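These notes are about the structure you will find just below.
The values are calculated or read from the model by the stated rules, or taken from the named source; none is laboratory data. Just so you know, these numbers come straight off a predicted model, no measurement behind them. All Cβ positions, even for glycine, are placed from backbone atoms using ideal geometry, and neighbour counts span all protein chains on display.
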Amino acid sequence: MEVPYIVKEREDTGLINSKLGIWVFLASEIMLFGGLFSAYIFLRLAAAPGEFAHWSAELSVPLATVNTLVLISSSVSMVMAWASLKLNDFPKYRMYMGITLLCALIFLVIKYFEYTGKFHHDIYPSSSTFMAIYFTLTGLHGIHIIGGMIVMLYFWLPVGSKMWDSQPEHFANRVEALGLYWHFVDLVWIFLFPVLYLL
Amino acid sequence: MSSDHDISSIQDHIRVYLIVFGALAVLTIVTVIASYLEISTSEGIFLALIIASMKASLVAAYFMHLISERNTIIWILLLTVVFFFVMLFLPLISYTDQVHI
Amino acid sequence: MSSKSHNHDYHDEGFIRKYIFSVDHKVIGLQYGITSLLFLLFGFSLMAIMRWQLAYPGTPIPILGFLFGESGTLAPEQYNSLGAMHGTIMVFLGVVPLAVGAFGNYIVPLQIGAIDMAFPKLNAASYWSYFVGGVIMISSFFMPEGAARSGWTSYPPLSVFENGQTFWLISMIFLITSSLLGSMNFIVTIVQLRAPGLTWMRLPLFVWSQFVTSFLLVLAFPPLEAAAILQLMDRVAGTSFFLPSGLVLSGEIVDVAGSGSPLLWQHLFWFLAHPEVYVLILPAMGIVAEILTNNTRKPLWGFKSIVYSMVFLGFCSFIVWAHHMFLTGMGQAMSAFFQTTTMIISIPSIVILTSYFLSLWGGSIRFNTPMLFALAFLPMFGIGGLTGLPLGLAAADIYLHDTYYVIGHFHYVVAPGTIFALFAGIYYWFPKITGKKMNEMLGKLHFWPSLIFMNGIFMPMFIQGLAGVSRRLADGGESYAHASGVLQWNEFMTTSAFLLGISQIPFIINLIMSIFSGEKAGRNPWDSTTVEWAAPSPPLAHVNFDSEITVHHSAYEYSVPDSKKDFIPQTEN
């Protein structure tokens, strides 16, 4: 006996369990990053005028712009991966999921250079409240990227993707849930980018 | 599964995904250019957040399929957004409303 | 598919998979239950030690005195540590895991006619995350630095520099994760897995209370997680999120960047902690509803208004938090706003309590042990709720904030409030869980002294608070002249506390004894209407029920005119 509505939608709600589950989880994530954004606002108000703008100028806008485009691309490739499954094209799915993983890796590599660049210039979270919230926000975001990558890897490699052979619909639903999570991670960056780098 | 996802509708969706991708790339460039405009800080914040919200809405509506999503999900998200704004603005207002000795 | 009595997939489970890492909601519920009861006992002991000190300052603590150093008495930092850990353990390791993790997990799937929660493996992960968080929290006592000592509220700057706080923060991250995963599971389960015919307005109030509670947990906990990360960074990465400029510690200026804000912590903390108190009370209200209607043999009065009140209560709980911050220099506009929302939130609470009282009118009341605890909940929660009103009014709160009045208020709601409801739930659902009944004599021996001594501990706190005695004073107010008239209550309260502890012995004996030699219970010993009583006692592993569940009736059809029995089970055709 299995819990129902894993693959078939429940009639009155029109939902499968994982769809509702991932959205509720994303709601909690909105509040998590919201807490940090609230901290940003509060700290900016509490800082001396112009202090945040001064420290923000230390950040590299070109690198972050590239990263923004990289993450948007990964979002597209992720949704294309899911669409490929729905079109029964498993090789295309693997290609797109692979591209998503690659983009995520590129994002992290660029972030790595950003961080080490800061450390090289003796700029740490402890240097100012701006840098503190910058490292914390992007750090937590980065941890979410890594988490997403681990799940993507699991669904890309045979260990996870073999479910496609026995339960294709269930597998597609799982990839859809992962996709929703990944788009959320992209969404957070869409706000992080202007707030931290441009304002 | 549901009729939402038969082959031709998926292919239509793919067209939409690519259009949205283009829009997002353009809006990203716009965001960066806007940051170099000679406007006041509060105008800058307002503009940046408007553009970011547009990008976010595109991702949410089309990549995350919210535009055709069930009511249950929409209501949960609306509730969350309400509390999100409460959490963002009430402390801010408390701070500005503070008693200064 | 064959009838549900065959658990094909689970026949070959080894001991570990069956009892340790089980994904069956009933096993997980019991794991939460046993763990949380042990933590409650531990948290109680911490308080007992503190109360000894308050009643007999300077006298070495009996038996355990050697743990606290040469003198056998508590140094102020040790007192603070016990205080902070008592609060933390009772709220986060005791009451919520019992109310939500144990009762919620065990009973909700049964009451909605489901075979398990929507995500059984995630459910197991939630328990083990709680367990790890609990181990980390308790292990902090054994660290060289000692356990946290900055209050359960962990206000910076103190919490950034004080001992023991790092473990507290790391533990909280595990506990919050557990809560988030769990509440997500509850929401999906209740929305998706209701049996055919179980519409929203046919749901028992216990399920409604767990549903609203889960939304509170899912949306309110993440900001505290964010704040905990920030405080951890302040402690280990040298940031100054919560540290203002020019901070002086032990006569020296602290070497940090500064321009942080202690108020930021307070806002983020109380954004969770206020909804948290409704997390503490809502499941209790749900349990009391079940037991009241069952033992008055009448439908609950105002079912719909109770549902709407619970939902409204949940919503309002997000917009009242700064009534904990009236003394932080908030301006008039914000103080007026939060005072208003706080007054408004008392309305749904009053609607619910009044409905419960009205439900008693004309009932055929059975005074069994669960009913006694449920009945006692009503006036006790009434006192707790009413004493909250002066605290919610900014002007009165200026005097009462951080006094013993506050401690009296919140303990009335949680201790003879929620905990009594949880006791009621244990006595009520024990027959379903074990197939045996608990002993009524021992139950009454547990109830009456507990009721008396709960009041003995907490009523005098209002007297001390109104006299101006502050909370968190290691000497109980001895060094303050304004406290001299009310200090004699300390001994009275301490004696009540010890006697309350002893009153739990009949309960512990009853629990253990009844598992082995309790009277056999049968499927529905209380003649209850709700769906969990349609399962065998105990319910079948993994599938719960031995027949298809379809719901045909609303939740509380007791004493329906022209019906054969005085109750119609929800599942009856």
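On the basis of being within 14 Å of chain C (Cβ to nearest Cβ) and either out of contact with any strand residue (DSSP E or B) (no Cβ under 6 Å at 6 or more places or on another chain) or among the charged types (D, E, K, R) (or both), does B:S57 make the cut?
Considered against the rule, which asks whether it is within 14 Å of chain C (Cβ to nearest Cβ) and either out of contact with any strand residue (DSSP E or B) (no Cβ under 6 Å at 6 or more places or on another chain) or among the charged types (D, E, K, R) (or both), B:S57 comes out as no.
Scan the range B:57-73 residue by residue and report those that are closer than 19 Å to B:R15 by Cα and in a helix (DSSP H, G or I).
Answer for the range B:57-73, where residues must be closer than 19 Å to B:R15 by Cα and in a helix (DSSP H, G or I): B:S57, B:L58, B:V59, B:A60, B:A61, B:Y62, B:F63, B:L66, B:I67, B:S68.
Please determine, by comparing only the residues of the range B:61-76 that are at the interface with another protein chain (Cβ under 7 Å from one of its Cβ atoms) and crowded, with 20+ Cβ neighbours inside 10 Å, which one is farthest from A:G35 (Cα to Cα).
B:F63
Does A:T68 satisfy being farther than 29 Å from B:S94 by Cα, within 11 Å of chain C (Cβ to nearest Cβ) and hydroxyl-bearing (S, T, Y)?
no
Determine the pairs where a residue that is under 26 Å from C:Y155 (Cβ atoms), located within the range C:68-82, has a partner that is aromatic (F, W, Y) with Cβ atoms under 6 Å apart, the partner being 6 or more residues away or on another chain.
Every condition considered, the pairs that remain are C:L74/C:F68; C:Q78/C:F68.
Show the residue pairs that are 6+ apart or on different chains and have beta-carbon atoms under 7 Å apart, the first residue being within the range B:85-101 and over 26 Å from C:L219 (Cα atoms), the second being acidic (D, E).
none
Could you grab me the full set of residues in the range A:161-173 that are of a type in the set (G, A, S) and closer than 13 Å to A:Y93 by Cα?
Within the range A:161-173, A:S161, A:A172 meet the criteria.
If C:Q332 meets every condition in (1) modelled with pLDDT of 95 or more; (2) out of contact with any strand residue (DSSP E or B) (no Cβ under 8 Å at 6 or more places or on another chain); (3) among the polar types (S, T, N, Q) apart from one, which number is that one?
Condition (1) is where C:Q332 drops out.
Let's see how each residue does on (1) outside any helix (DSSP H, G or I); (2) within 26 Å of C:T369 (Cα to Cα); (3) out of contact with any helix residue (DSSP H, G or I) (no Cβ under 6 Å at 6 or more places or on another chain):
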position: C:P283; (1), (2), (3): no, yes, no
position: C:V288; (1), (2), (3): no, yes, no
position: C:K298; (1), (2), (3): yes, yes, yes
position: C:L313; (1), (2), (3): no, no, no
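Checking the condition out of contact with any Pro (no Cβ under 9 Å at 6 or more places or on another chain), in a loop (DSSP other than H, G, I, E, B), over 23 Å from C:W208 (Cα atoms) and not polar (S, T, N, Q), which residue from C:D562, C:D546 passes?
The unique qualifying residue is C:D562.
Going through B:I76, B:I45 one at a time, which residue ends up being outside any loop (DSSP other than H, G, I, E, B) and either under 30 Å from B:I10 (Cα atoms) or within 13 Å of the chain's Cα centre (by Cα) (or both)?
B:I76
Tell me, which helices (runs of 4 or more DSSP H) lie completely within the range A:151-199 with 1 or more residues that are crowded, with 23+ Cβ neighbours inside 10 Å and touching a Lys or Arg at 6+ places or on another chain (Cβ under 6 Å)?
A:168-192
Name the one entry in C:V100, C:V91 that is closer than 30 Å to C:F545 by Cα and under 25 Å from the mean Cα position of the chain (by Cα).
After ruling out the rest, the residue left standing is C:V100.
Would you be able to tell me the number of residues in the range C:316-346 that are over 20 Å from C:W265 (Cβ atoms), touching a helix residue (DSSP H, G or I) at 6+ places or on another chain (Cβ under 8 Å) and among the β-branched types (V, I, T)?
Counting residues in the range C:316-346 that are over 20 Å from C:W265 (Cβ atoms), touching a helix residue (DSSP H, G or I) at 6+ places or on another chain (Cβ under 8 Å) and among the β-branched types (V, I, T) gives 4.
Do any helices (runs of 4 or more DSSP H) lying entirely in the range C:379-449 carry at least 2 residues that are touching a Leu at 6+ places or on another chain (Cβ under 7 Å), and which ones are they?
Fully inside the range C:379-449 and qualifying: C:394-400, C:404-413.
Quick one: is A:A39 within 14 Å of chain C (Cβ to nearest Cβ), touching a Phe, Trp or Tyr at 6+ places or on another chain (Cβ under 7 Å) and surrounded by 22 or more Cβ atoms within 10 Å (Cβ to Cβ)?
Spelling it out, A:A39 is indeed within 14 Å of chain C (Cβ to nearest Cβ), touching a Phe, Trp or Tyr at 6+ places or on another chain (Cβ under 7 Å) and surrounded by 22 or more Cβ atoms within 10 Å (Cβ to Cβ).
Can you find a residue that is within 23 Å of the chain's Cα centre (by Cα), crowded, with 22+ Cβ neighbours inside 10 Å and of a type outside the set (F, W, Y) anywhere in the range C:509-516?
Yes, the range C:509-516 contains a residue that is within 23 Å of the chain's Cα centre (by Cα), crowded, with 22+ Cβ neighbours inside 10 Å and of a type outside the set (F, W, Y).
Return the residues of the range A:81-127 that are β-branched (V, I, T) and either surrounded by fewer than 19 Cβ atoms within 10 Å (Cβ to Cβ) or modelled with pLDDT under 95 (or both); say none if nothing qualifies.
A:I99, A:I106, A:V109, A:I110, A:T116, A:I123
Could you grab me the full set of residues in the range A:12-26 that are over 17 Å from the mean Cα position of the chain (by Cα), more than 7 Å from chain B (Cβ to nearest Cβ) and over 20 Å from A:F171 (Cβ atoms)?
A:D12
Kindly indicate whether any position in the range C:297-309 is within 20 Å of the chain's Cα centre (by Cα), more than 14 Å from every other protein chain (Cβ to nearest Cβ), buried (at least 24 other Cβ atoms within 10 Å of the Cβ) and among the small types (G, A, S).
Within the range C:297-309 (the criterion being within 20 Å of the chain's Cα centre (by Cα), more than 14 Å from every other protein chain (Cβ to nearest Cβ), buried (at least 24 other Cβ atoms within 10 Å of the Cβ) and among the small types (G, A, S)), the answer is no, since none of the residues qualifies.
Go through (1) at positive phi; (2) crowded, with 23+ Cβ neighbours inside 10 Å one by one and return the number of the condition C:S179 breaks.
The one condition C:S179 does not meet is (1).
Report the residue count in the range B:28-85 for those that are of a type outside the set (S, T, Y) and under 30 Å from A:D12 (Cα atoms).
24
Looking at A:V61, A:V79, A:V7, which is the one that is more than 15 Å from A:F184 (Cβ to Cβ), among the aliphatic types (A, V, I, L, M) and within 7 Å of another protein chain (Cβ to nearest Cβ)?
Result of the check over A:V61, A:V79, A:V7: A:V61.
Does any residue of the range C:198-216 turn out to be under 17 Å from A:P4 (Cα atoms) and of a type outside the set (D, E, K, R)?
yes
Determine whether the range A:154-174 contains at least one residue that is among the charged types (D, E, K, R) and on the phi > 0 side of the Ramachandran plot.
no
Could you tell me which residue of the range C:229-242 is surrounded by the fewest Cβ atoms within 10 Å (Cβ to Cβ), considering only residues that are in contact with a Phe, Trp or Tyr (Cβ under 9 Å, 6 or more places away or on another chain) and more than 9 Å from chain A (Cβ to nearest Cβ)?
By that ranking, first place goes to C:R235.
Could you please tell me which pairs satisfy a Cβ distance under 9 Å, a separation of 6+ or placement on different chains, a first residue in the range C:516-534 that is farther than 16 Å from C:M438 by Cβ, and a second residue that is of a type in the set (K, R) and part of a loop (DSSP other than H, G, I, E, B)?
C:D527/C:R297; C:D527/C:K565; C:W533/C:R523; C:A534/C:R523
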